[in-house]
Amino acid sequence: MQFQQLQYFVAVAETRHFTRAAELVHVAQPSLSQQIKALERELGADLFLRARGNITLTGAGEALLPLARRILADADTARHEVQELVQLRRGRVRLGATPSLCTGLLPDVLRAFHDRYPGIQLLIEESGSHDLVRELARGALDLALVVLPLPTPAPALSTVELLREDLVVVSSPEAPAPGASGTGSGPRVVHVADLEGERLVMFRHGYDLRELTVAACRSAGFEPDFAVEGGEMDAVLGFVRAGLGVAVVPRMVATRAGRGLRVTPLAQPGLHRTIALAHRSDVAPPRAARELQRMLLER
């Protein structure tokens with residue numbers, strides 16, 4: 001008894017027609033009929049009553065049908081499980097993230113993932129949330145770390161909140177502290193209103209942190225003054241170290257940035273951002289991507 005014979009038998013049982021069954025399983029009708037007859041010889045019983053224009057199951061066929069369906073389903077399950085395991089030995093995960101998350105959150109998680117699954121290739125797309133949502137929607141990414149709320153409604157995406165992160169003000173230790181009147185160490189916290197009159201190092205357009213910072217300044221009653229704008233995260237931190245101005249960045253980034261920066265928390269209620277892990281809701285991520293998702297959620 002062969003799986004192929006069982007597949008042909010189930011196709012005939014469901015269509016009650018040899019020609020349509022042959023089309024369904026993509027085989028010539030004579031070959032299908034021969035395999036059905038071989039199966040009947042193997043079992044020692046007829047499976048179908050063949051009357052003109054009318055194919056019905058015999059008692060033996062009725063008994064075999066649920067068993068054949070179960071055997072075929074179990075074979076599909078076995079094939080799927082093996083493929084899932086193979087995917088964790090080789091393959092790829094396409095992950096999108098904002099530049100600040102590539103700097104702050106991802107290095108430790110990706111190192112742990114690579115240590116556990118060294119055969120999985122990690123492809124990282126670094127961009128703003130708006131671009132990442134578009135790339136997810138067109139199937140170019142398996143997962144993406146985005147800032148909530150999403151820039152545009154995305155009903156085809158599923159999101160789960162990952163973390164809520166404080167934003168801080170970074171400045172050069174050689175320059176006056178933000179909110180300070182002189183060149184002293186400055187206050188232990190700074191209010192958004194204290195940034196009025198400060199020269200800001202600002203991210204490029206489309207950057208979530210740019211939009212959040214500009215909106216906070218306008219809510220405090222002033223228009224921000226840019227010393228330089230248009231940079232990515234590393235460029236912004238470098239400009240701040242050089243004393244060109246101050247910047248509002250995630251605490252995680254400021255912590256990892258090392259020496260050469262003064263970090264000043266924002267006074268309550270402060271500024272925050274919510275990071276979520278997103279994927280398409282109509283397509284299940286591959287096994288390797290689901291494993292990376294689990295590690296990010298459990299980090």
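The values are calculated or read from the model by the stated rules, or taken from the named source; none is laboratory data. From a predicted model like this one, the values you see are computed outputs, not experimental measurements. Note: ideal-geometry Cβ built from the backbone for every residue, glycine included; neighbour counts use all protein chains shown. With ligands, DNA and RNA removed, areas are computed over all heavy atoms of the protein, side chains included. Shrake-Rupley method; radii C 1.70, N 1.55, O 1.52, S 1.80 Å.
Below, the figures for the structure above:
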quantity: Residue among Ala45, Ala11, Ala22, Ala38 that alone is part of a loop (DSSP other than H, G, I, E, B) and open to solvent by less than 40 Å² (accessible area, probe 1.4 Å); calculated: Ala45
quantity: Search result, residues across the stretch 142-167 that are touching a Lys or Arg at 6+ places or on another chain (Cβ under 9 Å), open to solvent by 40 Å² or more (accessible area, probe 1.4 Å) and part of a loop (DSSP other than H, G, I, E, B); calculated: Thr152, Ala156
quantity: Conditions (1) in contact (Cβ under 8 Å) with a residue 60 or more places away in the chain; (2) buried (at least 18 other Cβ atoms within 10 Å of the Cβ): number failed by Gly139; calculated: (2)
quantity: Residue match in the stretch 218-238 (condition: of a type outside the set (Lys, Arg), in a helix (DSSP H, G or I) and farther than 22 Å from Ser172 by Cα); calculated: yes
quantity: Candidate set: the stretch 168-211, residues that are aliphatic (A, V, I, L, M), touching a helix residue (DSSP H, G or I) at 6+ places or on another chain (Cβ under 7 Å) and modelled with pLDDT of 90 or more; chosen: the one surrounded by the most Cβ atoms within 10 Å (Cβ to Cβ); calculated: Val201
quantity: Qualifying residue in the stretch 70-92 (condition: closer than 22 Å to Ile124 by Cα and modelled with pLDDT of 85 or more); calculated: yes
quantity: Exclusive hit being of a type in the set (A, V, I, L, M, F, W, C), under 23 Å from Leu145 (Cβ atoms) and out of contact with any strand residue (DSSP E or B) (no Cβ under 9 Å at 6 or more places or on another chain), set Ala215, Ala278; calculated: Ala215
quantity: Scan of the stretch 111-134 for residues that are assigned to a helix (DSSP H, G or I) and more than 27 Å from Arg90 (Cβ to Cβ), ordered by number; calculated: Ser129, His130, Asp131, Val133, Arg134
quantity: Scope the stretch 284-294; condition exposed (fewer than 14 other Cβ atoms within 10 Å of the Cβ) and basic (Lys, Arg); matching residues; calculated: Arg294
quantity: Scope the stretch 245-283; condition surrounded by 17 or more Cβ atoms within 10 Å (Cβ to Cβ), closer than 20 Å to Asp208 by Cβ and touching a Gly at 6+ places or on another chain (Cβ under 8 Å); matching residues; calculated: Pro250, Met252, Val253
